[in-house]
Each structure stands twice: as C-alpha cells, then as structure tokens.
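Chemist: Below: one structure in structure tokens.
Every number here is computed from the coordinates shown, using simple stated rules; none is lab data. It should be emphasised that the depicted structure is a prediction, and the values quoted were computed from it without experimental measurement. Cβ: placed from backbone, ideal geometry, glycine included. Neighbour counts: every protein chain shown.
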Amino acid sequence: MMRPVPVFVALRYLREHRENQFASFVTVASVLGVGLGVAALIVVLSVMNGFESELRGRLLSMVGHATVAVPPDADWRAAQADLRDWPAVSAVAPYIEIEGMLSTGRTLSGVTIVGVDPDVEDAVSGVGRNMREGDLADLRAGSSGLVLGRALALRLGLQVGDPVTVMVPQKSRERGLRTRLREYRVIGIFELGLKDHDSVRALAHLQDVADLADLGAGVTGLRLRADDVFAAPQLVRRWATDWTARGRPEPRVRDWTQDNATYFRAVRIEKLMMTLLLSLIVAVAAFNIVATLVMTVTDKRSGIAILRTMGYSRRTIMAVFAVQGIIVGWLGVLLGVLCGIALGTNVQTLAPRLERLFGFQFMPADVYYLTELPAELHVSDVTWIALLAFLMTALATIYPALRAASVAPAEVLRYE
C-alpha cells in the first residue's frame, strides 16, 4: 500500500529507535508520560464529578430544585395547584421557614425551623429517606413534634423522646419585640451529611410552625421538584412569567444554582486547579517528545540532506518529524484514554482493594460523611482531555521540525 513520504520516513525512523537504546527509552517514556497524565486527568475528574453529583443530591434532598416565595396576600394553594399542572414539574410542597432558638435548660443553640407537610414532603425532598431515628410521617398537626438534624441533636445532647423548648422572637406594633416559647418533643433525627443542614435545621409540622409564627393559613413559599434538575431554573422562571401575565401577584423565585452557588463554585475551582496541575504531567511528557525528535534530527542530518537533494521541500521535512511526534503523542493519548476509562469506571471497586492492600482508608468514616469514593465518568471530559493532550504533543513537534527543515544539505554532505 502506498504511503505518503512523510509517513513512510517517520515510521522508518521510529523503527530504527529500537537500535538506539537511549532514544528508545526516551520514546517509551514519552508515551508512558502522556498516557499517565491523560489517565490521571480522567480518573481525578471522574471522582470530582462523583463528588459534585453526590453533593448536589444531598443539597437538593433538603431544599428541592426551586422555591417560590408567595406574597402574603396571594393564594398559595392556587399557586401550588397551578405549579402541579405545569409541564415537567413532578411535585410541589408548601413550607414555612423561621429562625429561633432551642433550649434544653443547659444549652442554647440557634436553629432554622422548617414547617413541612409530611404527606407531600417526601415527594419534594429526601429527608424522609435520610432519617436516622423515627419517621417523618410521625409529624402531626398539634403534636408539637420536632425532627432534628443529627449534628444539632448531638450538640444539644438530645435523643428521640426528649423535650426541648423552642423560642421564636416576634415583633408587633403594640408590644414591640417579644419571644414566644413552646415546648416540643423530639420525635426523629435526620442526617443528610451536610453540616449547614444537619447542625442548624429542625423540622416540624406545617400547621404547628404557622401557629408558632402567627401566620394563620399563610406559608413562606412553595418548594418544587422538576423531572430534570438542570431544567428547573428555566422552568420555574417560565412559570413565574406566565403566572404574572395572568394578573397574579409576582412571586419571587430561586433555584438550586442560586441557593448553593458557593458550594458549586468551590467544586469548579477545585476541578480547574486539579486539571491545571495534572496537565503538567502531559507537558513534561511533551518535553520528552521534543528531546526524542531533536536527537533524531541530529542523528539523521545526513538523511535529511539526501532528501533535500532529491528535491523534497522544507515542508516535507517538517512533516516527517511532525508525523513522528504526533504518532508518539497519539499512542500515549490512546493508552491514557483506555486506562483512564478502565480506572474511572471501576474506582468504587478498586479503591477498597487498594485500602486492604496498603492498610489505609481514602475517606475515613470519622472524618468524612462519605465512606467510599464516588465516580462519574463523562464522555465530554474524556473528549476534551484527549484533544488537549494531543494539542500539547502536536505543539511539541514544532521546534524539532523547524530545526530539521533548517539543515543545510551542502554543509552536511561536505563532510560525508
């Protein structure tokens, strides 16, 4: 089969590397270096994607995909019914959120008290699935039951069945600022694995919290769950626009990307920094490719001179060494992609084996809420990592190719 001259010569030079042990070693090191960098990037980003997905799931298990703050004079039940009928909305639940204090007689702690309707709360949040003790369904109107986050219960020294005093400040024109006290009983403990929720939140029945806050039949707002979590921000805003266009009071809407922006911004920054750091492995391997090609150019000066005297242009000579470097780079990229995919899809299987083999834990249970490494491999990540590595290795061929093209045939052949 006929092959272009640059490809034929480049393959011939690569085969001849086997006779030169040092050049062969540098070539293999280049391939392994590129492969290691690509595989490391794929595995690390897969693990970070898994962390991000796990974090998102835990955050949304408490707050839902979006919230609609209904004005006090608006009919929240009408808004709830309208949202339920809106396409791609799977569930809607009312809630009340107030700030207060919990007292056990010895310890005080600030708390965010959330009033929920147990009959519909499970469809919106995952608190019911994360109960460590008790059952969310045990919250009943008038029972003065309270469900605490595990970290909050530990700080106050409370267990299921213990009484606790709830203090809520209220401001009125007649009496000014006053505090309402009411005794509740702990009927359950939940744990989401997030300090911001487990240490400051307590759940009570919607009607009990409404009575405590003197809201009557009002609520703070509505929480909704969409069929597609990533479509929720656009979905709730389209509903709000349509709702207002029908002459209803304009609601304030927020979605999960706004409520948890700090968390996800931190994850994005970490992913960016890890990508930059691990890309240095590929960069070092690219320098090895430069060294390999420079040695080849130096060793093949006479061959380059002969090709030039046969009429081949500088562009053809450059193509010979560019093809040689690209072949080495692509071998490394292919090796790295295959290893990265294999490791990234089996992190949860390999991590426990490595822990048993080396006698340590990646994520100790007494430090982290997660006890295993989550991983989520994205095809888009593999694609851009492979393209980035290929681009770096392709750029590494520029200097050696220019050096080869600058060889003067007359000076080389004069001494041959």
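Chemist: Send over the Kirkwood Rh of the range 160-270, from the inverse of the averaged 1/r over different Cα pairs, rounded to one decimal Å.
Modeler: Result for the range 160-270 stands at 17.9 Å.
Chemist: Taking 25 °C and 0.890 mPa s as the conditions, I'd like the Stokes-Einstein D for the range 53-198 in µm²/s, using the Kirkwood hydrodynamic radius from alpha carbon pairs.
Modeler: 147
Chemist: Put +1 on the Cβ of each Lys and Arg and -1 on the Cβ of each Asp and Glu in the chain; which of Gly126, Ala404, Cys339 then has its Cα farthest toward the positive end of the dipole?
Modeler: Going by the Cα projections, it comes out as Ala404.
Chemist: On full extension of the chain, what length is gained from Ser380 through Leu272, given 0.36 nm per residue of separation minus the C-alpha to C-alpha distance?
Modeler: Once the chain is fully extended between Ser380 and Leu272, it gains 37.4 nm.
Chemist: Lys/Arg Cβ at +1, Asp/Glu Cβ at -1, dipole of the chain taken about the Cα centre: which of Gln170, Val160, Leu41 is farthest positive-ward?
Modeler: Towards the positive end, the residue furthest out is Leu41.
Chemist: Given contacts defined as C-alpha pairs under 8 Å and at least six residues apart, what's the relative contact order of the chain, whole-number percent?
Modeler: This gives 28 percent for the chain.
Chemist: Another question, if that's okay. How far is helix 314-344 tilted, in degrees, relative to the longest principal axis of the Cα atoms in the chain, given as a value from 0 to 90 rounded to the nearest 10?
Modeler: Around 40 degrees separate the two axes.
Chemist: Please give me the summed charge of the neighbours of Gly221: other residues whose Cβ is under 10 Å from its Cβ, Lys and Arg +1, Asp and Glu -1.
Modeler: +2
Chemist: Next up: Under a plain spin-label model, where a point goes 7 Å from the Cα along Cα-to-Cβ, how far apart in nm are Arg315 and Gln234?
Modeler: Spacing of the two 7 Å Cα→Cβ label points: 4.5 nm.
Chemist: The range 230-277 to the range 29-92: how many Å between their Cα centroids?
Modeler: Using only Cα atoms to place each centre, the spacing works out to 10 Å.
Chemist: How large is the dipole of the chain about the Cα centre if only Lys and Arg carry +1 and Asp and Glu carry -1, each at its Cβ, rounded to the nearest 20 debye?
Modeler: 1640
Chemist: Now for a separate question. I want to check the label-to-label distance for Ala141 and Ala123. Put each point 7 Å from Cα in the C-beta direction and report it in nm to one decimal.
Modeler: 1.8
Chemist: How do 242-249, 301-308, 330-337, 318-325 rank on mean C-beta neighbours within 10 Å, highest first?
Modeler: Peptide ranking by packing, descending: 318-325, 330-337, 301-308, 242-249.
Chemist: Please report, in debye to the nearest 20, how large the charge dipole of the range 71-250 is about its Cα centre when each Lys and Arg carries +1 at its beta carbon and each Asp and Glu carries -1 there.
Modeler: 560
Chemist: Now for a different question. Only one of the listed values, (1) 26.5; (2) 22.0; (3) 22.8, was derived from the coordinates as Kirkwood radius over Cα pairs in Å; which label is it?
Modeler: (1)
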